[in-house]
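Notes follow once the structure below has been shown.
Derivation of every value follows stated rules applied to the coordinates shown; laboratory data play no part. Here the structure is a predicted model, which means the values were calculated and not measured. A quick note on method: Cβ atoms are made from the backbone with ideal geometry, for glycine too, and the neighbour counts reach across all protein chains shown.
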Amino acid sequence: MTNAFQPAVDEVIQSRYSCRAFLPRPVPRTTIEEILAVASRAPSGTNIQPWRAWVLTGETKAALSERLLAAFDDPEEAATHADPYQYYPKQWISPYIDRRRKVGLQLYGLLGIQKGDAKRMHEQFARNYKFFDAPVGLIFTVDRVMEQGSWLDYGMFLQNVMLAAKARGLDTCPQAALIQFHRIIRQTLEIPDNETLICGMSLGYADTAAPENTLRTERAPLSEWVSFRD
């Protein structure tokens, strides 16, 4: 039996992408609150709701971006910062490394960045720290006492944020790039020591004229990752 709402839900899920260029158009606070309230309906073990969000706009976002860019552009300073947790595998293997390389080549190809152009690559990566010019930056943290199960819950919450935004005509970009500079973020936003930075996210209205926003990543066919046992 097909639910009448299924096509609309599918469309929101399938149309979500990582937006890397935003318009300066502001997002009303009420809209942000709606998105986060809807996202909080994500399931969590025994309803512990482990998420914590920090919403950045205006001068606060600009000040944080300035500090992050200064650190990223200074090799010696950047070397003093490290991720608070291991996001990617320590040793890459296929097919994961192949997918990673492919999306990098696709993105840089759209931007006209040639392989080996370290300067342009650095400049593009630095856009993470400006939240890709989005009017809203989000920082997500979790209490250090939480274990892997809560991080699983958190992933469902983050997906809800992105889908609730998309349903309202907004786009997002989840950003693990920010976690390297978690100490700067913690200090600037006065985040308590008991909170671990999970990721950041850009939120706003997509610049549809930007070539990078035409990128749509592929998904492997079910035959590669699904096993049926009758």
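Return the loop-located trypsin sites (Lys or Arg not before Pro) in the range 1-88 (DSSP other than H, G, I, E, B) with at most 16 other Cβ atoms within 10 Å of their own Cβ; answer none if there are none.
Counting only loop positions with at most 16 other Cβ atoms within 10 Å, the trypsin sites (Lys or Arg not before Pro) in the range 1-88 are ARG16, ARG41.
In Å and from the alpha-carbon atoms only, list the Rg and Dmax of the range 124-230.
According to the Cα coordinates of the range 124-230, Rg and Dmax are 16.6, 55 Å.
How much net charge surrounds LEU170 when only the other residues with a Cβ under 12 Å from the Cβ of LEU170 are counted, with Lys and Arg +1 and Asp and Glu -1?
Result for the neighbourhood of LEU170: +2.
Within 15 Å, Cβ to Cβ, of LEU189, how many net charges do the neighbouring residues add up to if Lys/Arg are +1 and Asp/Glu are -1?
In short, 0.
Using only Cα atoms, what is the ratio of the radius of gyration of the chain to 2.2 N^0.38 Å?
Scaled against compact globular proteins, the figure is 1.06.
Among all the lysines, which ones have a C-alpha under 24 Å from LYS119's C-alpha, if same-chain residues fewer than 8 places away are not counted?
Of all the lysines, those that pass the test against LYS119 - Cα under 24 Å, at least 8 places apart if same chain - are LYS102, LYS130.
Could you tell me the ratio Rg/Rh of the range 105-183? Both radii from Cα atoms, Rh via Kirkwood.
1.04
Please identify the longest segment of the chain free of exposed GluC sites (Glu not before Pro), where exposed means a DSSP state other than H, G, I, E or B and no more than 15 other Cβ atoms within 10 Å.
The reported range is 1-146.
Calculated FRET efficiency, GLN114 and ALA62, Cβ-Cβ r, R0 35 Å, to nearest 0.05?
It comes out at approximately 0.65.
Once you put a point 7 Å from the Cα of GLN159 and another 7 Å from the Cα of ASP143, both along the Cβ direction, what distance in nm separates them?
Spacing of the two 7 Å Cα→Cβ label points: 2.5 nm.
Hydropathy first: keep DSSP H helices in the chain averaging at least 0.0 on Kyte-Doolittle, then drop any whose Cα extent along the axis falls short of 18 Å, and list what survives.
For the chain, where a helix must reach 18 Å along its axis and average at least 0.0, the hits are 58-72, 148-167.
Report the FRET efficiency, 1/(1 + (r/R0)^6), for GLU218 and ALA8, where r is their Cβ-Cβ distance and R0 is 22 Å, rounded to 0.05.
0.40
Subtract the Cα-Cα distance of ARG52 and VAL103 from 0.36 nm times their separation in residues, and report this length gain in nm to one decimal.
15.4 nm
Can you tell me the FRET efficiency between GLU123 and ASP74 if r is taken as the Cβ-Cβ distance and R0 is 22 Å, rounded to the nearest 0.05?
Between GLU123 and ASP74 the formula returns 0.90.
If you scale each eigenvalue of the Cα gyration tensor by 5 and take the root, what three semi-axes come out for the range 1-128, rounded to whole angstrom and sorted largest first?
Equivalent-ellipsoid dimensions as semi-axes: 31, 23, 19 Å.
Within 10 Å of each candidate Cβ there may be at most 15 other Cβ atoms; applying that plus a DSSP loop requirement, which trypsin sites (Lys or Arg not before Pro) in the range 120-201 survive?
In loop regions of the range 120-201 (DSSP not H, G, I, E or B), the sparsely surrounded trypsin sites (Lys or Arg not before Pro) are ARG144, ARG168.
For the range 39-86, rounded, prolate or oblate, judged on the Cα gyration tensor with a ≥ b ≥ c (square roots of eigenvalues), a/c < 1.5 rounded, else prolate if a/b > b/c?
In terms of gyration-tensor shape, oblate.
Looking at the square roots a ≥ b ≥ c of the eigenvalues of the Cα gyration tensor of the range 164-222, which shape do they give, rounded for a/c under 1.5, prolate if a/b is larger than b/c, or oblate?
Prolate, since a/c reaches 1.5 and a/b exceeds b/c.
Please pull out the direction-averaged projected area of the range 8-71, using the convex hull of its alpha-carbon atoms, in nm² to one decimal place.
Over every viewing direction, the Cα hull of the range 8-71 projects on average to 6.9 nm².
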